[in-house]
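**Student:** Structure in structure tokens, see below.
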Amino acid sequence: MKTHAQAVVIGGGVIGCSILYHLTKLGWRDVVLLERDELTSGSTWHAAANIHGLHDNTNITRIQNYTMDLYKALEEETGQSCGVFQPGSLYLAQTEAREHQLRLQAAKAKYYGLHFHEVTRDAAERLHPLVNFDGVRCIMFEESGGNVDPSGVTHAYAAGARQRGAEIYRFTPVTGTEPQPDGSWIVRTPKGDIHTTWVINAAGLWGREVARLAGIELPLQPTEHQYFVTETIPEIAAMDRRLPSVADRDGEYYLRQEGQGLLIGAYERDLKFWAENGTPLDFAHDLFPDDLERIEDNMLRAIARVPVVGRAGIKRVINGPMIWSPDSNVLFGPHPELCNYFCCNGIIPGFSQSGGMGLMAAQWIAEGESAYDMFAWDVARFGDWADAAFTKARVGDQYAHRFAIHFPNEERAAGRPARKRPAYDKQKALGAIFGLNAGWEHPLYFSHDVPETAGFTRQPWGDVVGAECRMLRATAGIIDISNFAKYSVSGAGAAQWLDSIFANRMPRAIGRACLTPLIGVRGGVAGDFTVTKLDEEAFLIVGSGVAEHYHKRFFDAVPRPSSVSFVSKTKDLCGFNVAGPQSRALLGKLSNASFETADFPFMRARRIVLAGMEAVALRVSFTGDLGWELYCDSADQAALYEALLTAGAPLGAGPVGSRALMSLRIEKGYGSWSREYSPEWWPQESGLDGLIKLEKDFLNKSAYLALRNTPPRERLSILELCETPMNADASGGEPIFLPDGTPVGRVTSGAYGYTVGKSLALGYLRDAGPGDQVDVMILGVPHRAVVLDAPPFDPNGLRLRA
């Protein structure tokens, strides 16, 4: 067995073999895969292995289509059959909401040139004569949908990897993973040790156990999952072609042909957890006892839709384990707390995603960053707040609602609250409706009368959010921004260290602040931050809260002098944004400091005493209005909040939630990380290139220089919807076309601008500029919009700097 390798993949399921294969495709030959049993052990071998291309997330759609296209090429390359059947898939909508979802996916398919389109009932009946389409209001057909052979695909990846020099050791359990001072690892097995640069945890059902060998906990929980295969159905046996699969999400089951019968699977509400305290090490090609009563309701809905199922006998039942993350997306990427330790755990639609997932992993490992922004999958989206209780509750909710629609702005209650700030009880008493952000509860809006709802169309809480927006623009609003990520950097050399990370020049004078991009490995925008100099060699940095662990990788990428302290203050500091034309008067009631522009200009900061409490005040506001961000010790948050509310009441000011903030920042045209700012977008496309100072060095400067003079592929733009006949606004991800049907871009954020009276969207456009008319595919239906030349609120920044 090898004693040295560039990378060691732990786990011989379909994902581990795909990563190994794709590493060799990128030129890594000295790579090894270790499997404790036989390839496909665990959950791979018994998977239903359905494949489909469309997903609500744009990049996951791209990844799934890459995967589906890869299988035939993989067969030709390796000679190993993948058992590919692609008779197509029929998607059924029984509800208006499902129809909206399918039409939006059809619009995305048109944008990307994929074959997913509406068919009539007559056409659907010809495609699948066994389906009863009564009660179905919309039918879509995906031409490339189908299924593959789990074992065949896994062995094809393995064969392709071996052909390029990779080695695979079966029956070789990993007993230890030990980090070395130089960032490399020793992987220990009963057959010997391997010294490797990278460890890749693709251990499937044993992902938790393998992670613990490295000293980390992954939020994963297995469940049982069942499907059954019928005996031969005469109507199918008499056919000379294979039937398309049926995706009846509203019925909460899936169905496809298997042999001359049908395979039916379900995600039942009465789920059953498994291996809560750890996956047994002797589990391999095992199954659980049949328990079809658990999915009886789902089966009855399948029989009503495909009546021949009710007349067919059951040939076999598969009841096997699956392992889930709290949001049912894979835990993917280098673990932020470890060096060169890559996670790929908790995959559910593995055979729809295996190829793209392997490619993205290989790019990240070999090239430093994946070509697509995969934050939706990034293991860094969870922290230690995602404990066992939270994970179990969320997995239970995800499994039971596997086929439910995930609406824009949707919040789910399972596992909450996970983390609360001191002001939580006061906010709740004020009627706060809370959302979840990086584990923290934060107010979405304030109302004792309007409950939280979710949908594709405008919701009742929009009136409440609109009132908050108008209050802030007219007087002032108090927004809890405690979920922003906050860092303290201090000590001799702090400014120089920060200058070597960020693309902008760090503030030189005490009390000055700057906005700065963080450049990704490929030259895109990996982050945007506000950096404030509080004292000589003392800085406060504020960034995206959900991206705190993601950004840790970048801070760790630049060696930090021993004299420089870098500390996350996200837990220790709370924040409020007091904004609006009366914000100066409100704060003046609580402090002896002067908030007049002559004394406290825009983008300046100072330490002040506010209602007897110390705080850092920074004159900036994500609302685009006159305002200050205030940061105080967490112990003072509740008292400061009370003081701000009391001082604001006579002025007509009050609490404002994050949904209002979203609307207000879009009125001003401000971008947000993970929406408008992403490693996929170049600084000159995002409008951040003016903040880059080339006279100094900074992280990934060479990557930026390589593309600096390349014309923007697309540009961040703001659009006004001319009409909204469906009572819906853009939310993000909607394709944009010219009136003649030419695709020109996609929406990144959208909201109704309550204080400007316009439905607005931010997005990236090519071949369209100010004054041009375009069609935004809201709910999959073209909505005419015009590209604006400036944001509709305060385009010259007069309010911001007043």
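The values are calculated or read from the model by the stated rules, or taken from the named source; none is laboratory data. Here the structure is a predicted model, which is why all the values come from computation and not from measurement. Virtual Cβ from ideal backbone geometry, glycine too; neighbours counted across all protein chains shown. We work out accessible area using only protein heavy atoms, side chains counted, and drop any ligands, DNA or RNA first. Shrake-Rupley method; radii C 1.70, N 1.55, O 1.52, S 1.80 Å.
**Student:** Given the residues V546, V567, which is the only one that is in a loop (DSSP other than H, G, I, E, B), open to solvent by 20 Å² or more (accessible area, probe 1.4 Å) and either over 20 Å from R665 (Cα atoms) or modelled with pLDDT of 95 or more (or both)?
**Tutor:** V546
**Student:** Go through the range 758-802 residue by residue and tally those that are over 30 Å from L102 (Cβ atoms) and hydrophobic (A, V, I, L, M, F, W, C). Steps first, please.
**Tutor:** Pass one, the range 758-802, residues over 30 Å from L102 (Cβ atoms): 769-771, 788-802.
Now restrict to residues that are hydrophobic (A, V, I, L, M, F, W, C): 788, 790, 793, 798, 800, 802.
Adding up the residues that qualify gives 6.
**Student:** When R311 is evaluated against the numbered criteria (1) surrounded by fewer than 16 Cβ atoms within 10 Å (Cβ to Cβ); (2) under 31 Å from the mean Cα position of the chain (by Cα), which criterion, by number, is the only one it fails?
**Tutor:** It is condition (2) that R311 fails.
**Student:** Same structure again: Hey, can you tell me all the residues within the range 469-482 that are over 18 Å from S759 (Cβ atoms) and open to solvent by less than 10 Å² (accessible area, probe 1.4 Å)?
**Tutor:** Answer for the range 469-482, where residues must be over 18 Å from S759 (Cβ atoms) and open to solvent by less than 10 Å² (accessible area, probe 1.4 Å): L472, A476, G477, I478, I479, I481, S482.
**Student:** Can you name the residue in the range 242-297 that is open to solvent by 50 Å² or more (accessible area, probe 1.4 Å) and among the polar types (S, T, N, Q) and is also farthest from D397 (Cα to Cα) among such residues?
**Tutor:** Ranking the qualifying residues of the range 242-297, first place goes to Q260.
**Student:** Same structure, new question: Any residue at all in the range 281-290 that is under 31 Å from the mean Cα position of the chain (by Cα) and under 17 Å from Q226 (Cβ atoms)?
**Tutor:** no
**Student:** While we're here: If I filter the range 99-138 down to residues being charged (D, E, K, R) and surrounded by 21 or more Cβ atoms within 10 Å (Cβ to Cβ), which single residue comes out as farthest from V744 (Cα to Cα)?
**Tutor:** The selected residue is E99.
**Student:** Name the residue, out of V542, V525, V521, V567, that is within 20 Å of L338 (Cβ to Cβ) and touching a Ser or Thr at 6+ places or on another chain (Cβ under 6 Å).
**Tutor:** That would be V567, the only listed residue that is within 20 Å of L338 (Cβ to Cβ) and touching a Ser or Thr at 6+ places or on another chain (Cβ under 6 Å).
**Student:** For the range 506-528, what are the residues that are of a type in the set (G, A, S) and surrounded by fewer than 21 Cβ atoms within 10 Å (Cβ to Cβ)?
**Tutor:** If the condition is that a residue be of a type in the set (G, A, S) and surrounded by fewer than 21 Cβ atoms within 10 Å (Cβ to Cβ), then A509, G511 are the ones that fit.
**Student:** Has the range 50-71 got at least one residue that is more than 29 Å from the chain's Cα centre (by Cα), surrounded by fewer than 24 Cβ atoms within 10 Å (Cβ to Cβ) and at negative phi? Don't jump to the end; show me each part of the working.
**Tutor:** Within the range 50-71, the subset more than 29 Å from the chain's Cα centre (by Cα) is none.
No, the range 50-71 has no match at all.
**Student:** With the structure loaded, tell me whether R553 is modelled with pLDDT of 95 or more, at negative phi, part of a loop (DSSP other than H, G, I, E, B) and open to solvent by 30 Å² or more (accessible area, probe 1.4 Å) or whether it fails that test.
**Tutor:** Spelling it out, it is not the case that R553 is modelled with pLDDT of 95 or more, at negative phi, part of a loop (DSSP other than H, G, I, E, B) and open to solvent by 30 Å² or more (accessible area, probe 1.4 Å).
**Student:** If a residue must be crowded, with 24+ Cβ neighbours inside 10 Å and either touching an Asp or Glu at 6+ places or on another chain (Cβ under 9 Å) or polar (S, T, N, Q) (or both), how many such residues does the range 334-345 contain?
**Tutor:** Looking only at that region, the number is 1.
**Student:** Return the only residue of R170, R212 being at pLDDT 95 or above, surrounded by fewer than 22 Cβ atoms within 10 Å (Cβ to Cβ) and under 30 Å from C82 (Cα atoms).
**Tutor:** R170
**Student:** Could I ask something else about it? Residues being without any contact (Cβ under 8 Å) to a residue 24 or more places away in the chain and part of a helix (DSSP H, G or I): count how many of those fall in the range 196-244.
**Tutor:** Going through the range 196-244 one residue at a time, the tally reaches 3.
**Student:** Further question: Can you list residue pairs whose Cβ atoms sit under 9 Å apart, with the first residue in the range 748-765 being farther than 7 Å from I666 by Cα and the second being open to solvent by less than 10 Å² (accessible area, probe 1.4 Å) and among the aromatic types (F, W, Y)? Count only pairs 6 or more apart in sequence or on different chains.
**Tutor:** That search, which allows pairs on different chains as well, returns T748/Y764.
**Student:** As an exercise: evaluate P422 against (1) open to solvent by less than 20 Å² (accessible area, probe 1.4 Å); (2) over 25 Å from the mean Cα position of the chain (by Cα) and give the number of the one condition it does not meet.
**Tutor:** Exception for P422: condition (1).
**Student:** Just to check your reading of the model, which residue among R249, R241 is in contact with a Lys or Arg (Cβ under 9 Å, 6 or more places away or on another chain), among the basic types (K, R) and within 21 Å of F133 (Cβ to Cβ)?
**Tutor:** Result: R249 is the single residue among R249, R241 that is in contact with a Lys or Arg (Cβ under 9 Å, 6 or more places away or on another chain), among the basic types (K, R) and within 21 Å of F133 (Cβ to Cβ).
**Student:** Right, another one. If a residue must be open to solvent by 30 Å² or more (accessible area, probe 1.4 Å), more than 23 Å from A275 (Cα to Cα) and of a type outside the set (F, W, Y), how many such residues does the range 396-415 contain?
**Tutor:** So the count comes out to 8.
**Student:** H155 - would you say it is under 30 Å from A214 (Cα atoms), crowded, with 19+ Cβ neighbours inside 10 Å and of a type outside the set (F, W, Y)?
**Tutor:** It is true that H155 is under 30 Å from A214 (Cα atoms), crowded, with 19+ Cβ neighbours inside 10 Å and of a type outside the set (F, W, Y).
**Student:** Can you find a residue that is part of a strand (DSSP E or B), over 30 Å from V531 (Cα atoms) and in contact (Cβ under 8 Å) with a residue 12 or more places away in the chain anywhere in the range 445-466?
**Tutor:** yes
**Student:** For the range 485-505, which residues satisfy the criterion of being open to solvent by less than 10 Å² (accessible area, probe 1.4 Å), touching a strand residue (DSSP E or B) at 6+ places or on another chain (Cβ under 6 Å) and in a loop (DSSP other than H, G, I, E, B)?
**Tutor:** Result: F502, A503.
**Student:** Of all the residues that make up the range 376-395, how many are buried (at least 20 other Cβ atoms within 10 Å of the Cβ) and either within 20 Å of I63 (Cα to Cα) or of a type in the set (G, A, S) (or both)?
**Tutor:** 6
**Student:** I'd like the full set of residues that are open to solvent by less than 20 Å² (accessible area, probe 1.4 Å) and either part of a loop (DSSP other than H, G, I, E, B) or farther than 26 Å from V8 by Cβ (or both), limited to the range 19-49.
**Tutor:** If the condition is that a residue be open to solvent by less than 20 Å² (accessible area, probe 1.4 Å) and either part of a loop (DSSP other than H, G, I, E, B) or farther than 26 Å from V8 by Cβ (or both), then E35, L39, T40, S41, G42, T44, H46, A48, A49 are the ones that fit.
**Student:** Being closer than 22 Å to G652 by Cβ and without any contact (Cβ under 8 Å) to a residue 12 or more places away in the chain is the filter here, so list the residues in the range 581-634 that pass it.
**Tutor:** Matches in the range 581-634: G588 only.
**Student:** Let me ask something else. Quick one: would you say K2 is of a type in the set (K, R), in a helix (DSSP H, G or I) and farther than 25 Å from W377 by Cα?
**Tutor:** Against the criterion (of a type in the set (K, R), in a helix (DSSP H, G or I) and farther than 25 Å from W377 by Cα), K2 does not qualify.
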